[in-house]
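See below for the structure under consideration.
The values are calculated or read from the model by the stated rules, or taken from the named source; none is laboratory data. Since this is a predicted model, take the numbers as computed values, not measurements. Here the Cβ is made from the backbone with ideal geometry for all residues, glycine too, and neighbour counts use every protein chain on show. Keep in mind that these areas ignore ligands, DNA and RNA; they rest on the heavy atoms of the full protein, side chains included. Shrake-Rupley method; radii C 1.70, N 1.55, O 1.52, S 1.80 Å.
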Amino acid sequence: MTSPGPVAFTIFGVDIMWYGILIGLGFVLAIIICYKRAPRHGIESEHVIDFAIWLIPFSIIGARAYYVIFNWSYYSDYPSMILNTRAGGLAIHGGIIAGLIVALLVCRHYKIRFLEMADLVFPAVALAQSIGRWGNFFNSEAHGTPTDLPWAILVDGQYVHPTFLYESLWCFALFWFLLWVDKRRAFPGQIVCLYGMLYSVERFCVEHLRTDSLMIGPFRQAQVISAVAFIVCLVIYIILYKKELSKGANKQ
């Protein structure tokens, strides 16, 4: 399998990139899904639109800023490239961090429980990731080490691990799993914690195969962040679970 190239089509001399189309599609589907599911979490559907208006631009800014910071040795020499996202260069961890900050502020403004909003949004985040990862395929980026596996992709004349595909499939399965759990949710915050733990496991493992990892000294930053996120989400999960158990015990 070989990428057909990053350009989907051209309008009036302007190249429209697959990367942007797929990210946009991911956002649109995520908004629709959250809009329809909002009442289940006690949130007015209209607030999903308000949330999206703030979340989308700031999550993109956060994802780009995160990528630029960890590639500063390059961008310090070519500052004009900092805003050039058309060729790729968005880090999901930066987008999630920025998104969480925005979510806290928006929830505070509209007096929405943050854990309810987080549980509503993160299954859709997993779906958006699943779709957006295909942008890496069209850009021939974020691939893995050489391999002779039958599902390898051809990049620069060499067959390599399609790490974008591994993450895309995992996030697609994670989307459906989180929706299934949400219908049986034991406590607010369960879904976002499960997302944090399960996505971190996948990212930690797949990151080992990638050849373009952002680094923190000798360590791959995505693995460091994933390990920290897994531990934090596990601790919060246990705390929330015990809190729910104590509520049940007090009612008896």
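Quick look at the values:
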read-out	value
Single unsatisfied condition, residue 173 versus (1) closer than 20 Å to residue 99 by Cα; (2) modelled with pLDDT of 95 or more; (3) small (Gly, Ala, Ser)	(1)
Single match in 38, 63, 128 (criterion: open to solvent by less than 30 Å² (accessible area, probe 1.4 Å) and either at positive phi or without any contact (Cβ under 8 Å) to a residue 60 or more places away in the chain (or both))	63
Cβ-Cβ under 7 Å pairs, at least 6 apart or on other chains, the range 205-232 side part of a helix (DSSP H, G or I), far side aliphatic (A, V, I, L, M) and open to solvent by 50 Å² or more (accessible area, probe 1.4 Å)	221/215; 224/216; 230/201
Of residues in the range 154-169 being in contact with a strand residue (DSSP E or B) (Cβ under 6 Å, 6 or more places away or on another chain) and more than 22 Å from residue 95 (Cα to Cα), the one surrounded by the most Cβ atoms within 10 Å (Cβ to Cβ)	162
In the range 179-189, residue farthest from residue 99 (Cα to Cα) [restricted to those that are open to solvent by 20 Å² or more (accessible area, probe 1.4 Å) and touching a residue at least 24 places away in the same chain (Cβ under 8 Å)]	186
Test for residue 176: is it open to solvent by 50 Å² or more (accessible area, probe 1.4 Å), assigned to a helix (DSSP H, G or I) and either in contact with a Gly (Cβ under 7 Å, 6 or more places away or on another chain) or under 24 Å from residue 21 (Cβ atoms) (or both)	yes
Of all residues making up the range 112-125, the number that are buried (at least 21 other Cβ atoms within 10 Å of the Cβ) and acidic (Asp, Glu)	1
Filter result for residue 229 (surrounded by fewer than 16 Cβ atoms within 10 Å (Cβ to Cβ), of a type in the set (Gly, Ala, Ser) and modelled with pLDDT of 95 or more)	no
Every pair of residues 6+ apart whose Cβ atoms lie under 6 Å, when the first sits in the range 236-252 and is within 21 Å of residue 193 (Cα to Cα) while the second is at pLDDT 95 or above	236/193; 237/193; 240/187; 240/189; 244/187
Exclusive hit being closer than 22 Å to residue 55 by Cβ, of a type outside the set (Lys, Arg) and open to solvent by 30 Å² or more (accessible area, probe 1.4 Å), set 109, 143	109
Pair list, Cβ under 6 Å, 6 or more apart: the range 96-111 residue within 18 Å of residue 30 (Cα to Cα), other residue hydroxyl-bearing (Ser, Thr, Tyr) and assigned to a helix (DSSP H, G or I)	98/59; 99/59
Total residues in the range 108-139, condition charged (D, E, K, R) and not in a helix (DSSP H, G or I)	3
Any hit, the range 154-162, residues being of a type outside the set (Phe, Trp, Tyr), in a helix (DSSP H, G or I) and within 20 Å of the chain's Cα centre (by Cα)	no
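This table checks each residue for (1) within 27 Å of residue 65 (Cα to Cα); (2) buried (at least 18 other Cβ atoms within 10 Å of the Cβ); (3) among the aromatic types (Phe, Trp, Tyr).
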{"site": "172", "(1), (2), (3)": "yes, no, yes"}
{"site": "206", "(1), (2), (3)": "yes, yes, no"}
{"site": "237", "(1), (2), (3)": "no, yes, yes"}
{"site": "241", "(1), (2), (3)": "no, no, yes"}
